[in-house]
Each structure stands twice: as structure tokens, then as C-alpha cells.
Amino acid sequence: MEDRGHKVLVVDDDLEMCGLLSDVLKGEDFSVTAIHDSFEASKILKKEEFDVVITDLKMKGLKGLDLLEEAKKVAPLTPVIIITAFGTVESAIKAMKMGAYDYITKPFQMDELVITVKKALENRLLKKEVVRLKKEVESRYHFHHLIGKSPSMQKIFDLIERISDTSSNVLITGESGTGKELVGKAIHYNGIRKEGRFIAINCAAIPETLLESELFGYKKGAFTDAKSDKKGLIFEAHEGTLYLDEITEMPFTLQAKLLRVIEGREVRPLGDTKTYPIDVRIISTSNRDINSLIQQNQFREDLYYRLKVIDIELPPLRERREDLPPLIQHFIGKFNNELKKNISGISEGALRIILNYSWPGNVRELENVIQRAITLGQHEMILLEDLPIQMVQEKDEGLIEKGVREKYTVDQLEKEYIKKVLIEVGGNKSKAAEILGLDRKTLYRKLQEE
């Protein structure tokens, strides 16, 4: 390892020792700042970044442990080496508990110190690389609160980036809990309309009469309780985004009015004789089979095509299990912060249950499970006992029973079986193909079909 240029701070109120340490380390091509005033050292620590700090334990003014505490606050990745002529087991243990990299008792060989400094530097560089890689992974797998490293989610992130700066209407489909509103917000806040408002309304949660007045607005006197003019949500979303959640629950009569708004780019409030121009992007969502509803005359086909200029289908969580570990870590961090907890991770047994669970409620259910585990947990990690009992019981359920319960198609059953075999063989595709009775080319094709 090349040491030239790496900065070392040496702090010791013994001028002779301070000079000796400085000379030895400079001889090893380190850039050394030697200070015999601990208060001055504290000030410099706040202004400059050092690769290694070496400090005496007992000094006038601030003690070595005070500087250690200061260093951990301002530069948590910088290793601190404590040296002292007054070594005791208690002081060594205290220093290590506070985060010291090492503790050396005088008299010591200078070679010993140099080796310790070089190892401390390697440790710092390794930690910095871990932080860098973690940030790189997070930026790659996180997209406006959406998390996923699976190919299916990466494709969705790419699509969001490509469509954000357009004004085309978007239809997002997927099971309940897959994150449709997060996708809608990602499109809005990453695009040209981010300065406009993001207005969300759940079409299933509001009665038909109220939904019409909420969407289109009304003039004073339009009906009995219309005491004053009211702007509708469509108008409020002008130059922004109107997010229509569960669009398939919108009454058929209102579907025709919404279609006219999209086609004419204008809105007429209830009781008004005039229309007003609007510039709005509509992002709508559904967790139902829209084509089936069209066949049953429950949803307008012409409106469907107006809403589905661009369509995004979100995969259920059970079809992107590789996203579970980063999602778990995200929710652990989130609820540690909210609940003032310090859960470090998840046990192997609990993780195995989570990876094999079917997740009918998708990401929303996972979030609730992690929140529950952190709220009730009494250990440093999420353990098996912290998970809901039905999750633990499901592990004994066979693939066929699970398929029957969740009404899998033959294709879905095949995909689940292929995934299970791949898990069993540790991802070895050649071995998996042999067990499945397929050639490798066929296996690769089936995996890409997912």
C-alpha cells in the first residue's frame, strides 16, 4: 500500500515524544501534523480530515478519550490509536468500547507503531470503500423511494426516466400493495411537471355524487349545499398531475365526463355554462383486470385507451424475491428512525421465512411486518419469534397447495418451481437445468420470460 500523502494527526503533550513520532512517520512517507496542545488538536479535527489519529491518553487539557470521542463525532471512519505510559486493562477496554482502533502501551517499538498505523489506514480505506459501494448500490436500486434490484424493477426505473419529461397519460396496474402511487409520484417529481401539484384521489373511496363535484368543481347554487364556487381537483392539478387511484371503480356516467375532459383539454364545473382550458397529466391505477371489465360493459374502452397511452405493470413481490433483502434493510432503517430503535438486521431463520413467504399483500404487507417486528422486538435483530405466526406456519406448505390456494396458472406454477430449484442449487443454472430436465438455452429463455 502506498502511504505517501496519507494524513496522520499526532497529539501528545510530551514534545520529545511528539517530535519522535512525527519523524518516524514522515520517514514512512506519511504527511504528519504534530500537535502538543490537545485543545488545538480538537479545533483542527473539526476543520481538517485525517486518515489516522494518534493521541496520548493522559494530557493536560483534553484527555485522549475526549479526543477519541470528538473524532468519532466529526470523522467516524477515521481510526484513532491511543498510546499511554499508564496502561491498565480498564482504560484499554474503555478506549476500545468508545471506538478506538488500537491501544498501545509505552514503551513500544516504533516498528510496532508503524505497522499499527498502516493497518489502521487499510481499515479506513476499506470502510470508505464499503460506504462508497453502499451508496452506489442505493443509488442504483433506489428510485424516488422505489426500491428494487430485480430486472423487472430496473426496467420500470428506466421507463420512468424515459417518460417523466413527457405529458402522456399513464396507466399503472398491479396487485394491491405493489407501490403504484410511489411510481406515480416518481413520474411526477422526476419530470417537467414537478413544479405543479400532484393531486391524488381514490375513486373507490368517494360516493358518485361527491366524486363528480370533487373532480369537476361547481358553481354557487349548482345544488342545495353549493354555498360558494369550488374549484375541482382537475382544475387544481392544472400544469401538474392528477392521480386517479382505482380508476376502474369510477361510475360509468363519470367515465364519459372524464373522457370529454381528456379529449377537449377543458373542464366545465357543475352548474356552469362555460368551459375552462386545463393542462393536466392523468396517471391512473387499477388492481383489476380492465379488459374483463370492458367485456362486461363496466368500463369504457375508449377511456381505457385514452388513459393507457403508456402502461406500467408492477410485478407482485413474490415474483421479485431478490428485492426482499434491500426492502427489509430500507424498512429497518425507516422504523429504527421513527421508533427510536437500533435493530441491526435480521436473523438467518427469520430471513428464510420472509424469502419463502407468498406476500399476498406485497410491499405494503412487508412494511407492516417489519414495523411490527421492530415495535415488539426485544433483541438487536429481528428474530423468528418477531414474525406473525401465519408466516411461520406457511413455510410447511407445499408448492402445489400454495398454487391451489393462490389460484396459480400452470405458467405461474412452473415459474415458482424453477425459482425453488434455483434457490436449492445456489443459483447454479447448469445444475438447475439438469434437475428440471431442460437444456440451458430453454432455462435461460424461461427465466427471461419472467
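Coordinate-derived values only; no laboratory data. The structure displayed is predicted, hence computed values, not measured ones. Here the Cβ is made from the backbone with ideal geometry for all residues, glycine too, and neighbour counts use every protein chain on show.
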Put in order of increasing Cβ neighbours within 10 Å, starting from the fewest, CYS203, CYS18 give CYS18, CYS203
Counting every C-alpha pair in region 320-449, the percent lying more than 19 Å apart is 55 percent
Rank ALA95, VAL114, ALA85 by how far each Cα sits towards the positive end of the charge dipole of region 65-115 (+1 on Lys, Arg Cβ; -1 on Asp, Glu Cβ) and give me just the farthest. ALA95
So how far apart, in nm, are the two label points at LYS227 and PHE86 if each is 7 Å from Cα heading toward Cβ? 7.6 nm
Relative contact order (%) - criterion: Cα under 8 Å, at least six apart; region: region 7-138: 20 percent
Quote the relative contact order of region 320-449 in percent (integer), defining contacts as alpha-carbon pairs under 8 Å separated by 6+ residues. 19 percent
Most mobile of ARG440, ARG132, ARG372 per a Gaussian network model of the chain (Cα springs, under 10 Å)? ARG440
Charges on Cβ only, +1 for Lys and Arg, -1 for Asp and Glu, centred on the Cα centroid of region 146-315; of ASN287, ALA226, SER176, which one is farthest towards the dipole's positive end? ALA226
Radius of gyration and maximum dimension Dmax of region 226-324, Cα, Å: 16.2, 55
Counting only other residues whose beta carbon sits under 13 Å from that of ILE332, what net charge do I get with K and R as +1, D and E as -1? -1
Springs between alpha-carbon pairs under 10 angstrom, Gaussian network model over the chain: which of THR116, THR178, THR375 fluctuates most? THR116
Which FRET efficiency value, to the nearest 0.05, is calculated for ARG372 and LYS26 with the Förster distance at 51 angstrom and r the Cβ-Cβ distance? 0.35
Over 39 Å [Cα-Cα, the chain], rounded percent: 48 percent
Checked region 168-245 with the C-alpha gyration tensor, a ≥ b ≥ c its square-rooted eigenvalues, rounded below a/c of 1.5, otherwise prolate if a/b is larger than b/c and oblate if not; verdict oblate
If a helix is a whole DSSP H run, which ones in the chain reach 20 Å or further along their own axis (Cα) and hold a mean Kyte-Doolittle hydropathy of at least -1.0? 110-141, 324-339, 362-376, 410-424
Report, in debye and to the nearest 20, how large the dipole of region 273-362 comes out about its Cα centre when Lys and Arg carry +1 and Asp and Glu carry -1 on their Cβ. 300 debye
I want to verify a result. In a Gaussian network model of the chain, Cα cutoff 10 Å, which of these has the top mean-square fluctuation: GLY345, GLY99, GLY148? GLY99
Taking the convex hull of the alpha carbon atoms in region 272-338, what volume per residue do you get, in Å³? 213 Å³
Please rank THR173, THR409, fewest neighbouring Cβ atoms within 10 Å first, as an exposure proxy. THR409, THR173
May I ask you to derive the FRET efficiency for TYR276 and TYR444 from their Cβ-Cβ distance with R0 = 51 Å, giving the value to the nearest 0.05? 0.40
Evaluate the relative contact order of the chain (contact order divided by residue number), counting alpha-carbon pairs under 8 angstrom at least 6 apart; express in whole percent. 10 percent
With label points set 7 Å from each Cα along the Cα-to-Cβ direction at GLU181 and ASP411, the distance between them in nm comes to 3.1 nm
Which of rounded, prolate or oblate describes region 25-119 when judged by the alpha-carbon gyration tensor and an a/c cut-off of 1.5? rounded
Put in order of increasing Cβ neighbours within 10 Å, starting from the fewest, TYR101, TYR408 give TYR408, TYR101
If each residue of separation counts as 0.36 nm, what is the full-extension length gain between LYS194 and PHE252 once their alpha-carbon separation is subtracted? 17.8 nm
